[in-house]
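The values are calculated or read from the model by the stated rules, or taken from the named source; none is laboratory data. This is a predicted model, so every value here is computed, not measured. Here the Cβ positions follow ideal geometry from the backbone for every residue, glycine too, while neighbour counts run over all protein chains shown.
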Amino acid sequence: MQRSRREFLSLAAKAAALALAPQPLLALLPSPAAGQHSAGHEAPLPLPGRDGLYGLLLPKDEPLTLSATAAPGLLPATGASMLAYETTQDGRLYRNPVLVLQKGQRFRARLVNHLAEPTIIHWHGVDGHWRQAGHPSYAVGPGQAYDYDFPVTNRAGTYWYHPHPHGLTAKQSYLGLASFFIVRDAEEQALARELDLTLGVTDIPVVLSDKRFGPGGELLYAPTADDLLMGHMGTEVLANGQRKPVLAAATRIYRLRLLNGSTARVMNLRLLKGGVPAPFLLIGNDGGLLDVPRELDAVFLAPGERVELLIDLRGFKPGQALTLANAPFAPMHNEGGHGAHGAQPAPQAQNAHAGHGGPAPAAPAAMPAAMPLDEGAAYDIMSFRVEREVPYARKVPARLSSLSTAAPAWPQSPPRRLELALDRGRKLWTIAGLTFDMGATPIVVERRAQEAWEFVGAHDGMPHPMHLHGYFFRVAARRGSPQQVAQRAVDASGRLATDLGLKDTVLVWPGESVTVVTDFASPSYAGEQIFLLHCHNLEHEDQGMMLNVRVK
């Protein structure tokens with residue numbers, strides 16, 4: 001069996017680490033992932049509350065001030081420092097607040113940069129003029145501010161926000177700058193009433209992200225040249241910043257809003273009851289509720305993507321648990337077999353304190369750091385443990401929304417068919433052979449045009465989650481999909497259940513062609529727009545796998 005470059009490097013590094021470290025010392029080394037907050041006992045899932053980390057915040061008429069800053073002791077898993085967006089409202093302090101808004105509401109916020117480097121906020125999946133969308137040309141320096149002011153025109157959905165300064169997006173996101181932007185409307189609120197769902201209690205936003213830790217539990221981000229080429233992988237996966245947390249649950253239906261907030265890790269999510277896969281209902285994705293619920297037993301989730309699931313615990317007894325886990329899969333990291341070499345940290349390698357400019361500490365040669373968790377390995381993420389039985393007779397509606405999920409037709413007028421190859425140049429990943437130039441607009445579209453773009457993954461490449469700012473698209477077809485993807489197709493076009501409805505991020509596998517159709521007439525923005533198309537493997541994006549799209 002041919003091994004991917006990542007697998008080869010992992011095995012080689014493990015062998016080198018064992019050779020370097022004195023054997024008697026290995027048993028005495030503290031695990032870099034052994035955090036003080038959750039070691040030795042179960043940790044509860046951090047839930048959005050009235051304030052604090054991921055606190056539920058309903059913005060009022062006056063602008064919010066979101067300060068990008070270092071927050072000591074905030075990471076639930078280890079008590080480490082992390083970066084966070086801080087704000088106050090009604091005397092309460094919020095870090096990375098879960099912003100909850102109604103469709104039609106005006107949203108106003110001021111970003112204040114307390115970092116030692118430029119930053120800007122991208123409202124991922126949220127409609128807005130390009131100057132409001134976090135284009136890196138509008139990044140502000142230390143001590144500076146940027147104002148946002150736009151109406152919320154999205155349908156209800158689970159959107160999110162994170163930094164987008166060019167070359168620094170991966171580091172700032174990894175170190176903590178990310179949270180949810182939840183929009184509600186009449187259809188979504190009708191479902192919440194029907195199923196008796198309460199945000200933060202039985203309707204739960206969870207950001208999944210992988211991290212590496214230093215000996216004291218501090219966050220480490222020190223990507224090597226190979227990490228920048230293939231994507232930075234952590235040693236474990238956290239849920240809302242906690243390692244393998246448990247939610248104390250009741251015998252009822254829960255709604256789970258999952259965001260893959262990792263910089264590069266693709267996940268193959270599955271629910272397990274006693275080690276046996278358990279079905280769940282997919283009810284929404286990037287662009288909100290689907291038309292009808294769809295029963296699945298596994299779902300791929302790439303960086304930047306979101307899924308909304310219904311989990312039914314009515315058949316459980318107190319003491320039984322349901323575990324969200326990663327199911328084994330082939331990551332397909334072949335990379336052409338000729339990637340970059342070297343294990344020296346890149347210039348931007350920094351830890352959580354480095355939000356203010358400090359370097360990440362290097363591990364001593366005789367004390368090897370923990371190896372990254374293999375992307376396609378089996379691992380547990382979090383659990384629902386039933387602790388009480390409650391009466392619950394609600395039924396999931398047969399229809400969730402009026403959204404059409406039929407495959408869009410290939411546009412005929414104008415017959416614009418743009419092929420975008422996802423491949424490698426000599427050193428960098430490219431889109432149609434190009435890398436990012438802040439002043440160039442290689443893709444130009446007419447405002448009233450519907451366009452079909454075909455993403456073509458190189459056979460010897462790796463998966464790329466492709467994200468478009470400013471507009472949603474519809475997945476029209478998948479062709480040449482690997483077997484682990486093709487076997488999950490739900491229609492003759494090869495689409496997955498997660499491809500249905502509106503998407504802003506789509507995962508393209510090696511050797512696969514994915515066609516998406518975008519209506520550039522809706523939403524309608526005043527004047528010429530310059531949005532971004534990029535890979536949401538954030539190391540790829542920072543290295544230039546991104547293009548400007550000019551809408552005229």
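Here are some notes:
- Under the condition of being among the β-branched types (V, I, T) and surrounded by fewer than 24 Cβ atoms within 10 Å (Cβ to Cβ), the residues counted in segment 68-86 number 1.
- Complete set of residues in segment 191-242 that are in a helix (DSSP H, G or I), farther than 19 Å from L58 by Cα and of a type in the set (A, V, I, L, M): L191, L195, A225, L228, L229, M230
- Some residue of segment 49-58 being more than 30 Å from S383 (Cα to Cα) and either of a type in the set (V, I, T) or at pLDDT 95 or above (or both): no
- Residues within segment 377-394 that are within 20 Å of R265 (Cα to Cα) and free of Cβ contacts under 8 Å to residues at least 60 places away in the same chain, tallied: 2
- Residue that is farthest from the chain's Cα centre (by Cα) [pool: residues in segment 151-162 that are farther than 16 Å from L66 by Cα and in a strand (DSSP E or B)]: P151
- Residues of segment 178-187 classified as closer than 26 Å to R95 by Cα and either small (G, A, S) or assigned to a helix (DSSP H, G or I) (or both), total: 2
- The residue list W123, W130, W160 contains one member that is more than 20 Å from I530 (Cα to Cα) and crowded, with 22+ Cβ neighbours inside 10 Å, which is W160.
- Matching residues in segment 452-467 - criterion: being in contact with a His (Cβ under 7 Å, 6 or more places away or on another chain) and assigned to a loop (DSSP other than H, G, I, E, B): M462
- Given (1) touching a strand residue (DSSP E or B) at 6+ places or on another chain (Cβ under 8 Å); (2) over 26 Å from G544 (Cα atoms); (3) among the small types (G, A, S); (4) in a loop (DSSP other than H, G, I, E, B), number of the condition G470 does not satisfy: (2)
- First in segment 396-418 and at pLDDT 70 or above, second anywhere and part of a loop (DSSP other than H, G, I, E, B) and of a type in the set (S, T, Y), Cβ under 7 Å, 6 or more apart: A407/S493
- Considering (1) among the basic types (K, R); (2) surrounded by fewer than 21 Cβ atoms within 10 Å (Cβ to Cβ); (3) assigned to a loop (DSSP other than H, G, I, E, B), the lone condition that R265 does not fulfil carries the number (2).
- When each of D149, D127 is tested for being modelled with pLDDT of 95 or more and closer than 26 Å to L191 by Cα, the lone residue that passes is D127.
- For D291: the one exception among (1) farther than 24 Å from A393 by Cα; (2) out of contact with any strand residue (DSSP E or B) (no Cβ under 9 Å at 6 or more places or on another chain); (3) assigned to a strand (DSSP E or B); (4) not aliphatic (A, V, I, L, M): (1)
- Yes/no for R426 being in contact (Cβ under 8 Å) with a residue 12 or more places away in the chain, surrounded by fewer than 14 Cβ atoms within 10 Å (Cβ to Cβ) and more than 25 Å from the chain's Cα centre (by Cα): no
- Within segment 486-498, the residues that satisfy the criterion of being touching a strand residue (DSSP E or B) at 6+ places or on another chain (Cβ under 7 Å), closer than 14 Å to V514 by Cβ and touching a residue at least 24 places away in the same chain (Cβ under 8 Å) are S493, R495, T498.
- Check on T153, among the β-branched types (V, I, T), under 30 Å from P44 (Cα atoms) and surrounded by fewer than 20 Cβ atoms within 10 Å (Cβ to Cβ): no
Let's see how each residue does on (1) surrounded by fewer than 24 Cβ atoms within 10 Å (Cβ to Cβ); (2) modelled with pLDDT under 95; (3) over 21 Å from the mean Cα position of the chain (by Cα):
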position	(1), (2), (3)
G231	no, no, no
G234	yes, no, no
R252	yes, no, yes
L269	yes, no, no
V292	yes, no, yes
E295	yes, no, yes
A298	yes, no, no
E305	no, no, no
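- Note on segment 243-255: residues that are closer than 30 Å to H333 by Cβ and part of a strand (DSSP E or B) total 1.
- In segment 45-54, residue surrounded by the fewest Cβ atoms within 10 Å (Cβ to Cβ) [restricted to those that are more than 19 Å from the chain's Cα centre (by Cα) and in a loop (DSSP other than H, G, I, E, B)]: R50
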